[in-house]
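I have placed the structure first, in the form of C-alpha cells, so that the comments after it can refer back to it.
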Amino acid sequence: MAHLGGYIMNGNFWQARSVLVTGAAGFVGSWLTQALVERGAAVTVILRDEPGLNNFNLLGLASQVDVVRGSTTDYALVERTFNEYEVDTCFHLAAQAIVGAANRSPLSTFESNIRGTWTVLEACRTSRLLERAVVASSDKAYGSQPKLPYTEEMPLLGVNPYDASKACTDILARSYRHTFSLPVAVARCANIYGGGDLNFSRLIPGTVRSALAGERPIIRSDGTPVRDYLYIDDAVSAYLTLAEQIEREDVCGRAFNFGANSPISALELVQRILDVCGAAHLLPDIRGAGKLANEIDEQYLDSRKAARVLGWVPTVSLEEGLRRAVEWYRAILTRPLTVGVK
C-alpha cells in the first residue's frame, strides 16, 4: 500500500492501466504523470506547446510515456489517441491556467479550456474502453459568493474569463455524466504550489525567485487578497484518489473540493516565504492600491466532503510545503539553465 496525501492507495491499482493525461507538460500534469509512471501505468500524453524549460522535461518523462503531438481541441486527434492507445483512464488537466493571460486573451482561453474539454469528453463518450475520467475544475469556478468557505452545493458563479471557463469545464463534465452516464468526476482544487511550477507570474514561484536573488518580491495587489494553497503532493493524491473510487455511486458524476483549509493573505504568504528563504529583511514591493481587476478578493474551499466520502485529507502543512518548494527552486535556479517565464 502506498501513501500519498491523506489517502492510502492500492499500490497495484494503476499497474498496466492505459492512462491518458492531457496537460502533462504543465506543473500539476507533470507530477501526476510521474506518479502514474511510478505506479506502473502505461501513460500517453497529448502535448501542444512545450516551453524550453518545463517540469515534464526536468523529470525526464518523454522517454517514459507515449507522446502524441497536437491539441486537445482537435477531435480527430483526441479520438485517435483514445482508440490507438486503448485508453481506459483519462485525466483532463489541459488548460490555459493563468488568470492574467485569460483577461488579456479570453478567446484563446475559452478555446483551450471549454472547447478542449468538450472535445475530450466526447472522445471519452465514444470510446468503448474508457472506465474512468477525472476533469480538472478549480475553486475559481465558484466565483464571488456571499459566504465562505466554498462548499460543493454552492452554484458556480464564475464570471471573469478564467473563472467562467472553469465553470463551463465543470458543468460540461457533469452534463456528460447526467446525459450519457459517462464515468467522470470533477476535482475543484485550491491554488496548487510546489517545485516544478515555472510560471513566475504566480505569487509563490515569483516570490521565491526574487528572494533567492536578493530582490524585493512584487505583490500586484494591496496584499489583502486571501487564498488557500494546496501542496502539489496533496493535489496529485486528490486526482488519484478520485479516479480510484469513481465506480462508487456517491463519487461518479460528483464534484469534490480539495484544499488545505488554511486561507492566508498574499502579504502574509510572502512574508512566510521570505522567512523560509532567510530573506526576512527584504520588504515586499506592494504595487496595488486595492483589489485587482477581474479577480476575487477572498476565496477558499471546504474540503470536508472529500475527507468524508473519499478518505482524502491534505497532509503537507503550508510551512512544510514552502520549505520543500524553496529547496526545489534553490536547486533548479542554480543550474546552468535558462529559466523563462511561461
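Does the stretch 67-77 include one or more residues that are over 27 Å from Thr126 (Cβ atoms), without any contact (Cβ under 8 Å) to a residue 12 or more places away in the chain and outside any loop (DSSP other than H, G, I, E, B)?
No; the residues of the stretch 67-77 include none that is over 27 Å from Thr126 (Cβ atoms), without any contact (Cβ under 8 Å) to a residue 12 or more places away in the chain and outside any loop (DSSP other than H, G, I, E, B).
Every residue in the stretch 104-119 that is assigned to a helix (DSSP H, G or I) and without any contact (Cβ under 8 Å) to a residue 12 or more places away in the chain, please.
Quick first cut of the stretch 104-119, residues assigned to a helix (DSSP H, G or I) only: 104, 106-119.
Arg104, Leu107, listed by residue number.
Based on this model, can you work out whether Pro146 counts as farther than 21 Å from Leu242 by Cβ, in contact with a helix residue (DSSP H, G or I) (Cβ under 7 Å, 6 or more places away or on another chain) and not hydrophobic (A, V, I, L, M, F, W, C)?
No.
From the set of residues in the stretch 49-99 that are surrounded by 16 or more Cβ atoms within 10 Å (Cβ to Cβ) and of a type in the set (Gly, Ala, Ser), which is modelled with the lowest pLDDT?
The residue in question is Ala97.
Those residues that are in contact (Cβ under 8 Å) with a residue 60 or more places away in the chain and touching a His at 6+ places or on another chain (Cβ under 9 Å), I need them from the stretch 134-172; list them, please.
Within the stretch 134-172, Val134, Ala136, Thr169 qualify.
Quick one: would you say Ala24 is modelled with pLDDT of 95 or more, in contact with a strand residue (DSSP E or B) (Cβ under 6 Å, 6 or more places away or on another chain) and under 18 Å from Ile232 (Cβ atoms)?
Yes: the conditions hold for Ala24.
Suppose the filter is at pLDDT below 95, out of contact with any His (no Cβ under 8 Å at 6 or more places or on another chain), of a type outside the set (Val, Ile, Thr) and in a loop (DSSP other than H, G, I, E, B); does Gly290 pass it?
yes
Can you tell me which of Ser201, Ser221, Ser237 is surrounded by 20 or more Cβ atoms within 10 Å (Cβ to Cβ) and among the polar types (S, T, N, Q)?
Of the residues listed, the single one that is surrounded by 20 or more Cβ atoms within 10 Å (Cβ to Cβ) and among the polar types (S, T, N, Q) is Ser237.
Can you tell me which residues in the stretch 180-208 are within 10 Å of the chain's Cα centre (by Cα) and assigned to a loop (DSSP other than H, G, I, E, B)?
Within the stretch 180-208, Ala190 is the sole residue that qualifies.
Can you name the number of the only condition in (1) farther than 23 Å from Ser127 by Cβ; (2) at pLDDT 95 or above; (3) over 20 Å from the mean Cα position of the chain (by Cα) that Ile8 fails?
For Ile8, the exception is condition (2).
The values are calculated or read from the model by the stated rules, or taken from the named source; none is laboratory data. Because the structure is a prediction, the values reported are computed rather than measured. We place every Cβ from the backbone using ideal geometry, glycine too, and count neighbours over all the protein chains shown.
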